[in-house]
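Taking it in order: structure first as C-alpha cells, then the write-up.
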Amino acid sequence: MAIVTNHEAETTEDAVVPSSRDDAALKADAAAEASGAQAAKTRRGALATSGSPLVRPPAAAHLSDEQVAELGRELDAIKDDILAKRGSSDAAYIRRMIKIQRGLEISGRATLLVSRNKAAWITGTTLLSLAKILENMEIGHNVLHGQWDWMRDPDIHSTTWEWDFVTPARSWQHTHNDLHHRWTNVVGKDNDVGYNLLRMDPQQEWKPFNLGNPLYNAILAPVFEWGIAIYDLELQDYKEGNKSKEALVKDLKALGIKALKQFTKDYAATPAVAMLTGSGKQALYGTLTANAVRNVWAHAVIFCGHFPEGTDTFTEEMVEGETRGDWYVRQMIGSANISGSKFMHLMTGNLSHQIEHHLFPDIPSNRYAEVAPKVQEICKRYGLPYTTGPIWKQVGSTWAKVFKLALPPKKA
Amino acid sequence: MIRLRKLARAASVLTTPLAPEDILSLFNPVFSARQLRGIVTRVVAETADSATIFFRPGRGWKAHQAGQWARIGVELDGVRHWRSYSLSAPAGQDPAITVTDVGAVSGVLVRNTRPGDVLFLAPPQGDFVLPEHPRPLLMLTAGSGITPVMSMVRTLVPHRPDADVVLIHSARTPEDSIFREELSELADQFPNFKVTHWFTGERGRVDFSSAAMLDELCPDWRHRAAYACGPEGFLDDAEALWSAEAAAAAEGSTLTEGSAAGESHQPEGPFAADPINLIIERFTTSLAAGAGHDGGLVTFEASDREVEVDGSTPLLDVGEDAGVLMPSGCRMGICHSCLTPLRAGHVRDLRTGEVHGEPGQLIQTCVSAAAGPVNLDI
C-alpha cells in the first residue's frame, strides 16, 4: 500500500476535480509529472456537448447543429429502448451460440482425425471452418466489444475472453475498440483505412508501392489473421516514437505465446493425433484450409464494412469539435451494410449490420437486425446515405477501389 | 487427481484458447475453468416464503463448518447477481442454503429454483462457527437468523451427548417460523437441547432492555457462550445488554475483590456475560451515511468505463451496473471479498460517513461511495 504525503494527496485530488474535461486532463498530466506517481488518468477524446465540427462532412453539410442534435437524441432513444429490453432471451442467445460453436468445433476436429476418408475430410474441414467463422465473428468480436458484459458472467466477458485468432484479444481491443471505433474512417487517425498496407482512400498520398495494391490484398486475404496480428503491434507508432519499446516488447511476447499455442493446436497437435489413423497429413490440410476459409471470409466481410462505394472518409477538421450527433452521423455515412439472409448475417457476426454496429458497438449483436429499419428510416428522413447491398456487389465494390487506388490520381 | 490435471493440461493443447473444462461443460454444466458451480439437487419449501435448496458443488468447493455462509450467484433476467446465504445443512453433509424471500434475488431463489438448475458459488466462509471446545451455549435468533444456527444445532445436538444448547428463536407467527417442527422434535429427543419458540405476533418483541426476560427463559445465560443472529435492531439490543452486564460484573468484582468470591466462581467465570462471549452474525447493515452528499465521476481503469454517480450509491453497485466484473461478497462490509485498489480520489464509508482514500488503498466497494471523482484499478 502506498504511503503518500498530504501534499501529494492534495495534488492528486486537485487534478481530478474536473472544472472542464480538457482542463482536468491537463492538470492530471501535470500532477502525474509532478508526483511521478500513478495519478488519475482522465480519458481523452471525449465528445463536445454542443456546437459543430470545424467542417461538417459533405454528405451531412445540409444539416443544422440543431438537426444533428435531434438526430443524436433519436439514436440515443433507439439504444435506450434496446437496453431496456435486453434480458434473459439475449443471454440465452449468446449461450446457445457458444454451445453450437463448440459443438461444431469438436465435431469438426474429431472428424478430421479420420480424414484419410475423403468425405470425412470435407465434412471435418467444413465444420471446422464454420466453427472458426462463428467463433471469430458472432462470438469473439462481439464479446470483445463488451456486448455481453452486462450479464456479469466472467466466462463471457470482454476482459476475460480470448479467441481462436492469432492476435491476442487485448491487443486487438486496443486498435479496434479504442482507435478504429472512436475515429472511424478519419484518414490519419483510423489506421483501419488500409491497415498501413493498402491505399484505400484518395486522400492517402500515392506512392509507387501502391501499384501492388491488388496483389497485397490478394495475398492478405488467406492470411488475414496474421495481417491483423502484425497490424495490432502498431509498428508505425513505434517507428514514429509514439509507442515505447517496452510496450512493443510486451505485445510481441503476448503475440509469440498466442501464435505458438494457435500453431500447435492446428498444425501440430491435431495432425499428430490424426496420425494414429494415418490421417496426419490430411488433418493438417484440413486445419490449414479451415483457417484460410475463415481468413478469406473475415477479410471479405470486414472490407465490406467501410470500403464499398458510398462510404465516406473524413479529415481531422471534420472531427474537431464533434458532438455526439456528429459522431453518429460519421458512423452512419462511413459504414456500409450487407443485405442477405439470416444465415449470412449470422456468419458475418452481424457485421453485415455494420452501420448499426458502429452506432452502438456494445449492444448485443442479435439486436442489430431489429434496430436496422429504424436507423434506415432516420437516414432517409435526414437525407443521409445508408449504404447497403448484397455481398457479391459489396465485395466487388471494395476490389474495384483496391484496383483504382493502385494508380496515381489523375492530374487535373 | 494429479493425473487428471496433467491430462487436462495435455488436452488444452487441442482446445486453446479454451480450457478443456469449457468443452466438458457442454455435457455437464458443473465444469468451468473459471468459476465454481453447483447443481441443485432438491428444493424443500420451509414456510410460505422460504425454501431450502440442496446442491452438489463442482470441484473447488470446500466442506463448510456449521454456521458459515457462502456466496451464491443467480441470474435475474440474464444478469448475474451475487448474495450471501447461510448454509443450514450440518457440517459434513451436502451443502444446502435456506433462503427467505426478502428481495429480488432471494425471491427468485425461493420461487423459481428447480432441481437441475445451476448455481454459481464461492467457497463457504465466516467466523460465526461453533467453539473449538465443548461449552454450554445460548443461541438467540430471530427470523431467518435461525439459518446458520440450525446448521450448528444439527451438527452438535444429535452427535454430541455432552452438548448443552439453549435456543431462543423469535418469529412472527408459528407459520413463519422456519425449522419449527424439526427443532421441537430435536428438543423432545435430546434432553441436552432446549428450545423456546417466541412468537412476536402473540408476545411482542424479545426484550433485551433488561436481563429480566433472559433470566426467566434461561436462568444460567450469563454462564453460556452466546450466539446471536437476526435483524440489526435485535443484535444491537443484545450487544447493549451484554455490554451492560459486563460493566456491572466488572463493578461487582471490584467491590468483592479480595473476598476470594471471584476465585470460587472460577469454573463458571470464563463464560460469564461478556461482550466477547456474544458472537453475532449480521444480515444487514444500515448504509445511510452517504445520503445528501455529492458523488463524482467514477472511472474503472482496467475495464475502461466511466460513470457519473451520486454520493450514496455503493461503488460495487455502480461497477456492476456498468458491466464491470466487480468482486463481491456479503454486500455489507464484513467479508472483504470486494476489496478493490483505489488509484485516486476519496470515498465515503456509507456506514460511518467517514471520508478516506489513499492511492493504492484497498477499499470495500460494497460500503463505499464516491466522495468526489474516484479512479479504481479494475
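The values are calculated or read from the model by the stated rules, or taken from the named source; none is laboratory data. This structure is a prediction, so every number in the text was calculated from the model and none was measured. A quick note on method: Cβ atoms are made from the backbone with ideal geometry, for glycine too, and the neighbour counts reach across all protein chains shown.
Filtering A:THR184, A:THR167, A:THR159 for residues that are touching a residue at least 24 places away in the same chain (Cβ under 8 Å), within 14 Å of chain B (Cβ to nearest Cβ) and not in a helix (DSSP H, G or I) leaves a single hit, A:THR167. With respect to the conditions (1) among the hydrophobic types (A, V, I, L, M, F, W, C); (2) crowded, with 22+ Cβ neighbours inside 10 Å; (3) within 14 Å of chain A (Cβ to nearest Cβ), B:VAL307 lacks only one, and its number is (2). When residues in the stretch B:193-245 are screened for being outside any loop (DSSP other than H, G, I, E, B), of a type in the set (Lys, Arg) and without any contact (Cβ under 8 Å) to a residue 40 or more places away in the chain, 2 of them pass.
Just wondering, is there one or more residues in the stretch A:79-98 that are closer than 24 Å to B:PRO29 by Cα, of a type in the set (Phe, Trp, Tyr) and modelled with pLDDT of 95 or more? So far as the stretch A:79-98 goes, yes, one or more of its residues are closer than 24 Å to B:PRO29 by Cα, of a type in the set (Phe, Trp, Tyr) and modelled with pLDDT of 95 or more. Of all positions in the stretch B:204-224, at least one carries a residue that is in contact with a Pro (Cβ under 7 Å, 6 or more places away or on another chain) and closer than 12 Å to B:LEU140 by Cα. Going by the structure shown, is B:SER88 facing chain A (nearest Cβ under 10 Å), touching a helix residue (DSSP H, G or I) at 6+ places or on another chain (Cβ under 6 Å) and of a type outside the set (Phe, Trp, Tyr)? Against the criterion (facing chain A (nearest Cβ under 10 Å), touching a helix residue (DSSP H, G or I) at 6+ places or on another chain (Cβ under 6 Å) and of a type outside the set (Phe, Trp, Tyr)), B:SER88 does not qualify.
The set of residues in the stretch A:352-394 being charged (D, E, K, R) and surrounded by fewer than 18 Cβ atoms within 10 Å (Cβ to Cβ) consists of A:GLU370, A:LYS374, A:GLU377, A:LYS380, A:ARG381, A:LYS393. Among residues that are among the acidic types (Asp, Glu) and either within 25 Å of A:LEU83 (Cβ to Cβ) or within 14 Å of another protein chain (Cβ to nearest Cβ) (or both), B:ASP349 is not included. Taken over the stretch B:286-304, the criterion of being more than 12 Å from every other protein chain (Cβ to nearest Cβ) and in contact (Cβ under 8 Å) with a residue 40 or more places away in the chain is satisfied by B:SER286, B:LEU287, B:ALA288, B:ALA289, B:GLY290, B:HIS293, B:GLY295.
If only residues of the stretch A:127-147 that are away from chain B (no Cβ under 11 Å) and among the polar types (S, T, N, Q) are counted, the one that is farthest from B:ALA122 (Cα to Cα) is A:SER129. Does the stretch A:321-329 include one or more residues that are free of Cβ contacts under 8 Å to residues at least 60 places away in the same chain and out of contact with any strand residue (DSSP E or B) (no Cβ under 7 Å at 6 or more places or on another chain)? Checked the stretch A:321-329: no residue is free of Cβ contacts under 8 Å to residues at least 60 places away in the same chain and out of contact with any strand residue (DSSP E or B) (no Cβ under 7 Å at 6 or more places or on another chain). Considering only residues in the stretch A:271-314 that are under 30 Å from A:ILE391 (Cβ atoms) and among the polar types (S, T, N, Q), the one that is nearest to the chain's Cα centre (by Cα) turns out to be A:ASN295. In the set B:VAL374, B:VAL355, B:VAL318, only one residue is out of contact with any Lys or Arg (no Cβ under 9 Å at 6 or more places or on another chain), within 14 Å of chain A (Cβ to nearest Cβ) and either crowded, with 24+ Cβ neighbours inside 10 Å or at pLDDT 90 or above (or both); that residue is B:VAL318.
Residues checked against (1) at pLDDT below 95; (2) not in a helix (DSSP H, G or I):
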| site | (1), (2) |
| --- | --- |
| A:HIS353 | no, no |
| A:GLU356 | no, no |
| A:TYR368 | no, no |
| A:ALA372 | no, no |
| A:ILE378 | no, no |
| A:LEU384 | no, yes |
| A:GLN394 | no, no |
| A:TRP399 | no, no |
| A:ALA412 | yes, yes |
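Hey, any hits in the stretch B:345-363 for a residue that's among the charged types (D, E, K, R), at positive phi and not assigned by TED's automatic domain parsing to the domain that holds B:VAL74? Within the stretch B:345-363, not a single residue is among the charged types (D, E, K, R), at positive phi and not assigned by TED's automatic domain parsing to the domain that holds B:VAL74. Scanning the stretch A:105-123 for residues that are among the small types (Gly, Ala, Ser), closer than 16 Å to A:ASP266 by Cα, out of contact with any Leu (no Cβ under 7 Å at 6 or more places or on another chain) and not in a loop (DSSP other than H, G, I, E, B) gives a single hit, A:ALA110.
Which of the residues spanning the stretch B:53-98 are outside any loop (DSSP other than H, G, I, E, B) and free of Cβ contacts under 8 Å to residues at least 12 places away in the same chain? Result: B:GLU75, B:VAL79.
Restricting the stretch B:28-53 to residues that are within 14 Å of chain A (Cβ to nearest Cβ) and at pLDDT 90 or above leaves a set whose member that is farthest from A:ALA259 (Cα to Cα) is B:ARG37. Considered as a group, the residues in the stretch A:207-222 that are surrounded by 15 or more Cβ atoms within 10 Å (Cβ to Cβ) and in contact with a Leu (Cβ under 8 Å, 6 or more places away or on another chain) include one that is farthest from A:ALA406 (Cα to Cα), and that residue is A:LEU220. Looking at B:PRO341, is it in contact with a Gly (Cβ under 7 Å, 6 or more places away or on another chain) and surrounded by fewer than 22 Cβ atoms within 10 Å (Cβ to Cβ)? So B:PRO341 fits the description; yes. When each of A:ARG116, A:ARG109 is tested for being among the basic types (Lys, Arg), under 22 Å from A:PHE263 (Cα atoms) and away from every other protein chain (no Cβ under 12 Å), the lone residue that passes is A:ARG116. In the stretch A:236-279, the residue that is surrounded by the most Cβ atoms within 10 Å (Cβ to Cβ) out of those that are more than 30 Å from A:LYS118 (Cα to Cα), away from chain B (no Cβ under 14 Å) and in contact (Cβ under 8 Å) with a residue 12 or more places away in the chain is A:ASP251.
I want to confirm something. Restricting to the stretch B:171-192 and keeping residues that are assigned to a helix (DSSP H, G or I) and among the small types (Gly, Ala, Ser), which single residue is surrounded by the fewest Cβ atoms within 10 Å (Cβ to Cβ)? For the stretch B:171-192, the residue satisfying everything is B:SER184. Only one of the numbered conditions (1) under 16 Å from A:ILE94 (Cα atoms); (2) assigned to a helix (DSSP H, G or I); (3) within 13 Å of chain B (Cβ to nearest Cβ); (4) modelled with pLDDT of 95 or more is not met by A:TRP150, and that is (4). Residue pairs, Cβ under 7 Å, 6 or more apart or interchain, first in the stretch B:347-359 and among the basic types (Lys, Arg), second in a loop (DSSP other than H, G, I, E, B) and crowded, with 17+ Cβ neighbours inside 10 Å. List them. Short answer, once both residue conditions are applied: B:ARG348/B:ALA289; B:ARG348/B:GLY290; B:ARG348/B:HIS293; B:ARG348/B:GLY311; B:ARG351/B:LEU287; B:ARG351/B:ALA289; B:ARG351/B:GLY333.
Listed by first and then second residue, the pairs with beta-carbon distance under 7 Å, at least 6 apart or on different chains, first residue in the stretch A:365-390 and in contact (Cβ under 8 Å) with a residue 24 or more places away in the chain and closer than 12 Å to A:ILE333 by Cα, second surrounded by 21 or more Cβ atoms within 10 Å (Cβ to Cβ) and of a type in the set (Gly, Ala, Ser), are A:LEU384/A:ALA60; A:THR387/A:ALA336; A:THR388/A:ALA336. Is at least one residue of the stretch A:13-24 facing chain B (nearest Cβ under 10 Å), at pLDDT below 90 and assigned to a loop (DSSP other than H, G, I, E, B)? The answer is yes; a qualifying residue exists.
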